[in-house]
Amino acid sequence: MFARIAGVGSYLPGQAVSNDDLVLRGIETSDEWIVSRTGIKARHLAEPGQTSSDLALEASRRALDMAGVDVADIDLIIVATSTPDFIFPSTACLLQGKLGNRGATAFDVQAVCSGFVYALTIAEKFIRSGSNKKALVVGAEVFSRILDWNDRGTCVLFGDGAGAVVLEASDRPGILASALHADGAHHGILSVPGNVCGGQVTGDPFLRMDGQAVFKFAVRVLADVARECCAAADVLPADVDWLIPHQANIRIIEATAKKMGLGMDKVIVTVDRHGNTSAASVSLALDAAVRDGRLQRGQKVMLEGVGGGFTWGAVLLEF
Ligand code: UT7
């Protein structure tokens, strides 16, 4: 019994906001700086009032449509997000309500930019255990809401969006191996160190990052966890058809591919179009690769996430 992807979908809100648009909005930056340091050319920002569950809804409908699965047949909904609509109920339950599904297991996963890889791995384990048959796994974020727009070192890097997959029990190969890790000793290098207490925001409710520390950590762990996953599935890195890493920074992506011995022609890159969308990024890139015809059934794909916590992980699957 495998857990296999039956359909994918994604959604980016509103119009693309270019680097030059950010300059016009008064941010002291330049297209040249952002592109040369990160590869980002544009991002999408949710409309006021548009929430993670709204973005998740659009992406989910597209994934269900591609899979040809009725929403009533979904028995597991997992949403990876660090920007939930509310403290509670979970964004997964809100999504479930909007989709009109009743009775499925539904919960959120909080692993920041590794969230989609975490959620997919969890869903696979539910399916392989036999407890669930059809899962909707979503990464959805409105990171624009937690950015300090006066901090040019972070606000130019992130965007909003959602991606979804339908994962179902199958006797054909699907997920071959996965590995999830975390090291809370590094919680301080990427965080939103605030909360709500007694009706007041406590601490600092904006994203804070030590960019260089994150960069070094990400390059090291992404290469390591990819090797770990390949070894677990007895697949050579050279036999991976597509690498779909977390879309945060083209330089991190290039360094990871190089360490794995993969050419950039085997790497899916969408960070230029939507910036870092945290838990949504891997699912957005996966959907792009399927819909533009590069990723074909039967090919081997390595998905990789890394982010706050620190968390990191990979899923190797046959599409
Ligand atoms: O999901 C994981 C999320 N995080 C990441 O993936 C981030 C990983 N880190 C990075 O991608 C890079 O560290 C950054 C892109 C964030 C920064 O690149 P860097 O090469 O590490 O730059 P820096 O922070 O050392 O800053 C270099 C200069 C500074 O100016 P001075 O002190 O050299 O005069 C900054 O003030 O660039 C300046 N700077 C900017 N200039 C124009 C910082 N942000 C900007 C900006 N526009 N937006």
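The values are calculated or read from the model by the stated rules, or taken from the named source; none is laboratory data. What you see is a predicted model, and the numbers here were worked out from it, not measured in a lab. FYI the Cβ positions are ideal-geometry reconstructions off the backbone, even for glycines, and counts take in every protein chain you see.
Taking strands (runs of 3 or more DSSP E) that do not extend beyond the stretch 192-285, which have at least 3 residues that are away from the ligand (no atom under 11 Å from the Cβ) and within 27 Å of Ser36 (Cβ to Cβ)?
Here the list reads 242-245.
The single condition among (1) under 18 Å from the mean Cα position of the chain (by Cα); (2) of a type in the set (Val, Ile, Thr); (3) in a loop (DSSP other than H, G, I, E, B) that Thr29 does not satisfy is (1).
A quick yes/no check of all residues on (1) in contact with a Leu (Cβ under 6 Å, 6 or more places away or on another chain); (2) more than 15 Å from the ligand (Cβ to nearest atom):
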| residue | (1), (2) |
| --- | --- |
| Ala111 | no, no |
| Glu124 | no, yes |
| Ile127 | no, yes |
| Leu136 | no, yes |
| Gly153 | no, no |
| Asp160 | yes, no |
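When Ala182, Ala169 are checked against the criterion of being in contact (Cβ under 8 Å) with a residue 60 or more places away in the chain and more than 16 Å from the ligand (Cβ to nearest atom), Ala169 stands alone in meeting it.
Of the residues making up the stretch 23-61, those that are over 24 Å from Pro89 (Cα atoms) and either among the polar types (S, T, N, Q) or touching a helix residue (DSSP H, G or I) at 6+ places or on another chain (Cβ under 8 Å) (or both) number 17. If a residue has to be charged (D, E, K, R) and without any contact (Cβ under 8 Å) to a residue 24 or more places away in the chain to count, how many in the stretch 69-97 make the cut? The number of residues fulfilling the criteria is 1.
Tallying residues that are surrounded by fewer than 21 Cβ atoms within 10 Å (Cβ to Cβ) and in contact with a Lys or Arg (Cβ under 9 Å, 6 or more places away or on another chain) within the stretch 265-290 yields 2. Of the helices (runs of 4 or more DSSP H) lying entirely inside the stretch 51-137, the ones with 3 or more residues being among the charged types (D, E, K, R) are found at 52-67, 115-129. Within the set Ala92, Ala72, the sole residue that is in contact with a strand residue (DSSP E or B) (Cβ under 8 Å, 6 or more places away or on another chain), of a type in the set (A, V, I, L, M, F, W, C) and modelled with pLDDT of 95 or more turns out to be Ala92. Determine, yes or no, whether Asp204 is under 22 Å from Leu120 (Cβ atoms) and surrounded by fewer than 18 Cβ atoms within 10 Å (Cβ to Cβ). It is false that Asp204 is under 22 Å from Leu120 (Cβ atoms) and surrounded by fewer than 18 Cβ atoms within 10 Å (Cβ to Cβ).
Residues of the stretch 31-57 that are more than 16 Å from the ligand (Cβ to nearest atom) and either surrounded by fewer than 19 Cβ atoms within 10 Å (Cβ to Cβ) or at pLDDT below 95 (or both): Glu47, Pro48, Gly49, Gln50.
Going through (1) surrounded by fewer than 16 Cβ atoms within 10 Å (Cβ to Cβ); (2) in contact with a Lys or Arg (Cβ under 7 Å, 6 or more places away or on another chain); (3) under 30 Å from Pro173 (Cβ atoms); (4) of a type in the set (D, E, K, R) one by one, Glu28 falls short only on (3). Scanning the stretch 1-26 for residues that are assigned to a strand (DSSP E or B) and among the hydrophobic types (A, V, I, L, M, F, W, C) yields Phe2, Ala3, Ile5, Ala6, Val8, Ala16, Val17.
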